[in-house]
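Worksheet: the structure to be examined is printed underneath.
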Amino acid sequence: MKAMVLHTLGNLASHPDPLTLSDWRDPTPGEGEILVRVSACGVCHTELDEIEGRLPPPHLPVVLGHQAVGRVEAAGPGTSAFKTGDRVGVAWIYSACGHCRFCLSGRENLCPEFKATGRDAHGGYAQYLTVLEGFAYPIPSRFSDTAAAPLLCAGAIGYRSLALTGLQDGQNLGLTGFGASAHLVLQLARHRYPHSKVFVFSRSPEEQAFALELGAAWAGATESESPEKLAGCIDTTPAWKPVVEALRNLEPGGRLVINAIRKEVADQDSLLQLDYPHHLWQEKEIKSVANVTRNDVMAFLQLADEMRLTPEVQEFPLADANQALMELKSRKIRGAKVLRID
Ligand SMILES: [Zn+2]
Ligand SMILES: [Zn+2]
């Protein structure tokens, strides 16, 4: 099969073509697994963290990609959930142990044995992948393959992030950064919390304009003072300055949720601006979001269907994955980038 394969890690600035289009061995489904013929795979900022070594895959070479949509090509021994031709999605959670205290309490995202698609196992930047059938999800018919792809990480982890803010209808929500996840979370927040206002902070005028198109009450620069204080805020940037700015904009008791698997070090000294009375006192909280559970993915897919969520998608052929990643790195973004795979 054809796959875009990562052989060596490096910074994209000096290493602009990290993935190589390769003839890769066809995977075969093992016990409990299905073989999926992939037709679309979302491009996520986490791939940059993998390529640049902030989140190095344990084995190289590896096929990246954890927002895969495709059709069941074959079912391995001991499977019963799907039949050939069924459309399924595969998300960031590739597997978890199923018996630790985290798995047993609905927090399989925190399982010490958590394995990630496209990092610990080969992912969706390829014509085929295999996955345990319990970690594949039917896709609502409303969504095309490419529209469904970003729902599997940008959307599902955005859904988890929004839940972790503890927001209630009528309370103000902030979003710092306005990429693939935030553009879905904005729509989700407007549906779930119709009386809440959403304030968007981004250094990109294009992202600010896009946020207003999608119904943000206000959009401005990262260092702007929020016109109204925020009860909850979700940060999806790779940087530290937005964290400090967001804390300043929280109301007493407000909570900042950081939806980033890794932060870059370039502006880490921004944290020295942290001023306890302005940024943290008054019971302000910071919480990170880690990974995603199967329940998050399933609940979000159902909600996205009910609310007729509209992902904004920019498509690339599989062979142009490096270009998509480079545009993500340089923040040339409107909605989600998705690879189309023939
Ligand atoms: Zn992702
Ligand atoms: Zn576990």
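Data overview
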item: Sorted peptide list for 14-27, 112-125, criterion being average Cβ within 10 angstrom, highest first; result: 112-125, 14-27
item: Cut-off 9 Å between beta-carbons: net charge of the residues surrounding R255, Lys and Arg +1, Asp and Glu -1; result: +1
item: Inter-label distance for S270 and A163, nm, one decimal - labels placed 7 Å from Cα along Cα-to-Cβ; result: 2.8 nm
item: At q = 0.18, 0.27, 0.33 Å⁻¹, base-10 log of I(q)/I(0) for the stretch 194-242 (Debye sum, equal scatterers on each alpha carbon); result: -0.55, -1.20, -1.46
item: Protection proxy ranking, peptides 69-82, 97-110, average beta carbon neighbours within 10 Å, highest first; result: 69-82, 97-110
item: Alpha-carbon centroids, the stretch 191-240 and the stretch 252-290: separation in whole Å; result: 16 Å
item: Ordering of 182-191, 240-249, 265-274 by burial proxy (mean other Cβ atoms within 10 Å per residue, highest first); result: 182-191, 240-249, 265-274
item: Using a Förster distance of 22 Å, the FRET efficiency for E228-R331 (Cβ separation, nearest 0.05); result: 0.25
item: Virtual spin-label span in nm between M298 and L212, 7 Å along Cα→Cβ; result: 4.2 nm
item: Rg over Rh [alpha-carbon atoms, Kirkwood Rh] for the stretch 41-191; result: 0.98
item: Selection from S22, Q127, L271 lying farthest towards where the dipole of the chain points positive, charges on Cβ; result: Q127
item: Translational diffusion of the stretch 134-265, µm² s⁻¹ [Kirkwood Rh, Cα pairs; Stokes-Einstein; 25 °C; 0.890 mPa s]; result: 165 µm²/s
item: The chain - mean residue ellipticity at 222 nm from DSSP helices (-39,500 (n - 2.57) per run, n ≥ 4, rounded to 500); result: -6500 deg cm²/dmol
item: Separation of alpha-carbon centers, the stretch 82-110 and the stretch 44-70, rounded to whole Å; result: 18 Å
item: Against the rule of thumb 2.2 N^0.38 Å, how large the Cα Rg of the chain comes out; result: 0.96
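Here, each number is a calculation from the coordinates, and none is a lab measurement. Keep in mind the model is a prediction, meaning the values are calculated, not measured. Don't worry about glycine lacking a Cβ; one is built from the backbone with ideal geometry, like all the others, and counts go over all protein chains shown.
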